[in-house]
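Asker: Provided herewith is a single structure, encoded as structure tokens, for subsequent inquiry.
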Amino acid sequence: MEVDRPSGSSRAERPVPPDARASPAGSLTGGLLERLRRRDRRSFVADSLGGRIGAVEFAGTVERAASGLGRRGIRPDDTVGILAPVGTARLTAVYAAMAAGGVALPLELASDLETLIDVLVETDTRLIVVTAALADVALELAERSRVRQVVAFGGAPETTPFDELLLPSPGGAAPVPPRGRSGSGVLSYAPCSGRGVRTALHSHADLLGRFHRLGDELGVTGSDVVAVENGMAESDRAALAAVALWNGASVVAVALDDEEGGRRVLAGFGATVRGRPVPRRIGVPA
């Protein structure tokens with residue numbers, strides 16, 4: 001059973017680390033790897049699909065993938081499509097796109113094919129990152145849009161394995177991803193009443209504002225397990241997971257729409273903060 005935080009509890013009971021107000025540099029994961037290496041390394045990123053990775057390894061994967069996207073031609077302000085259920089793969093791809101200076105365009109699995117094609121064409125997306133199970137859909141989208149590259153977690157026929165993004169640069173040191181580009185962020189979309197789609201960019205400045213607001217409201221520490229779920233706005237999901245990782249907490253991504261099933265997942269991971277319907281504390285860290 002969920003337990004809301006008692007109204008009488010004070011921030012003094014859960015001290016905020018002295019560097020908690022520090023900001024990620026340029027993207028929501030900018031500086032995260034170095035920060036995690038200085039802290040307790042027990043935190044993790046996991047999901048209801050069975051994925052699990054240590055937080056340090058997750059942050060390192062995001063940085064290497066960002067460099068790999070640069071080698072694949074992604075430039076500042078370019079849009080990267082992401083077709084994946086809510087989970088570790090989706091979080092990795094969203095953060096890597098932003099760390100490369102680009103715009104992350106998470107494609108909703110509930111959208112019909114024509115809507116997905118419309119948004120890819122409207123945003124001139126040339127690369128999609130996809131989970132292997134959805135590779136066939138991504139390849140069909142590529143055939144009917146301007147997408148020229150499909151990168152698949154785990155690999156799939158006619159796609160580039162995601163692991164290739166993680167390889168060292170052939171010239172030696174990996175290129176440094178651009179930081180602080182004004183056009184980077186998360187792109188959301190909605191179908192128009194007639195044809196086409198409406199898009200909205202949640203810029204880095206907007207995401208950083210959410211990051212600080214959620215950090216102040218929730219007081220997340222390294223003892224917490226923070227759940228990000230289906231039904232959340234992608235911008236809120238990205239900001240909340242970043243708050244958790246920045247403060248040494250663990251993250252669990254829940255891809256279930258069933259509330260009872262979601263509660264069981266949260267209980268199994270010992271979640272203390274959840275993002276749906278609004279980010280809030282649901283328990284006390286063990």
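Asker: How large is ³J(HN,Hα) for each residue in region 184-192, as worked out from phi by the Karplus curve 6.51 cos²θ - 1.76 cosθ + 1.60 (θ = phi - 60°), to whole Hz, x for Gly and Pro?
Answerer: For region 184-192, the Karplus curve yields 6, x, 10, 9, 10, 8, 8, x, 7 Hz.
Asker: When only alpha-carbon atoms are used, what values of Rg and Dmax, in angstrom, describe the chain?
Answerer: For the chain, the Cα radius of gyration and maximum Cα-Cα distance read 18.3, 58 Å.
Asker: On the accessible surface of region 20-117, probed at 1.4 Å, how many percent belong to carbon and sulfur atoms?
Answerer: It is 48 percent, rounded to a whole number.
Asker: Let me ask something additional. Please work out the average accessible area per residue across region 99-249, using the 1.4 Å probe convention, and give it in Å².
Answerer: Using a 1.4 Å probe on heavy atoms only, each residue of region 99-249 averages 43 Å².
Asker: What's the whole-number percent of alpha carbon pairs in region 65-111 lying beyond 15 angstrom?
Answerer: Of all Cα-Cα pairs in region 65-111, 37 percent lie more than 15 Å apart.
Asker: Now for a different question. Which distance in Å, rounded to a whole number, links the C-alpha centroids of region 241-264 and region 84-122?
Answerer: That distance is 19 Å.
Asker: Turning to a different aspect of this structure: Subtracting the Cα-Cα distance from 0.36 nm times the residue separation, let me have the gained length for ARG195 to ARG38 in nm, one decimal.
Answerer: 51.5 nm
Asker: How big is region 125-284 along each principal axis, measuring the range of its Cα positions in Å and listing the largest first?
Answerer: Principal axes ranked by extent give 48, 48, 33 Å for the Cα atoms.
Asker: Tell me the trypsin sites (Lys or Arg not before Pro) within region 81-177 that lie in a loop according to DSSP and have at most 12 other beta-carbon atoms within 10 Å.
Answerer: Filter output for region 81-177: ARG146, ARG148.
The values are calculated or read from the model by the stated rules, or taken from the named source; none is laboratory data. Just so we're clear, the structure is a prediction, and the values are computed from it rather than from any experiment. Don't worry about glycine lacking a Cβ; one is built from the backbone with ideal geometry, like all the others, and counts go over all protein chains shown. Keep in mind that these areas ignore ligands, DNA and RNA; they rest on the heavy atoms of the full protein, side chains included. Shrake-Rupley method; radii C 1.70, N 1.55, O 1.52, S 1.80 Å.
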